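Take a look at the structure below.
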Amino acid sequence: MTELLTSPMPIWQDEWSSPGESLYSALLKLAMVNTLQAAELLRRVFNAPMSHGSSLAIHRRSLLETGWTARYAADPTPQYIGTLCRHSLTPVSLQIAALSLDKCVRYCPACLSEGIHYPEFQIASLTRCPIHAQAILSSCRSCNAPTPRYAVTTATFLSPYRCVECGLYL
């Protein structure tokens, strides 16, 4: 616990986030700017341990059901994390979570190329991006490998916005 309190808080600028952006997208940006892998991100921002429940229907560090963030939030929680977590628990986002899966990251290639991911992409029945009308994908366009879980996992944060198999940008 002492180590967490003496570690500098990660760098963040509010202009890096976009309205409606997913917690996944914001955490990837935070991880990239601060060169944090998943375990370090969890420890430094949420004071939470890694969880390896990959066979569970909902992962213990799911970015759909984010109640775990409140249980582990560091004291004092950086304002931006509190805002993101509260936003992800609005009635609309809870309805999205009820219709969604965290088995893989679903994305619009055009949105991802702009550094944005929206939680609505996780809705299984959504097949096209409402902004770009492009197909919502859940695998790499180059090698067809599936994307990692929509959760704070080692694979998800290993190479942000890249395929975990071939390393190319999604």
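FYI, it's all coordinate maths here, none of it is from the lab. Keep in mind the model is a prediction, meaning the values are calculated, not measured. Every residue, glycine among them, receives a Cβ derived from its backbone with ideal geometry; neighbour counts consider all protein chains shown.
log10 I(q)/I(0), Debye, Cα-only segment 9-54, no solvent, q = 0.17, 0.27, 0.32 Å⁻¹?
Debye curve over Cα of segment 9-54, log10 I(q)/I(0) at q = 0.17, 0.27, 0.32 Å⁻¹: -0.51, -1.05, -1.23.
How long is the gain from Met50 to Ser142 if the chain were fully straight, where each residue apart is worth 0.36 nm and the alpha carbon distance is subtracted?
On the way: separation 92, 0.36 × 92 = 33.12 nm, distance 2.96 nm.
Separation in residues times 0.36 nm, less the Cα-Cα distance, equals 30.2 nm.
Which order do the peptides 117-124, 163-170, 128-135 take when ranked by the mean count of other beta-carbon atoms within 10 Å per residue, highest first? Mind dumping the intermediate values first?
Numbers: 117-124: 21.4, 163-170: 15.4, 128-135: 12.5.
Packing order, densest peptide first, comes out as 117-124, 163-170, 128-135.
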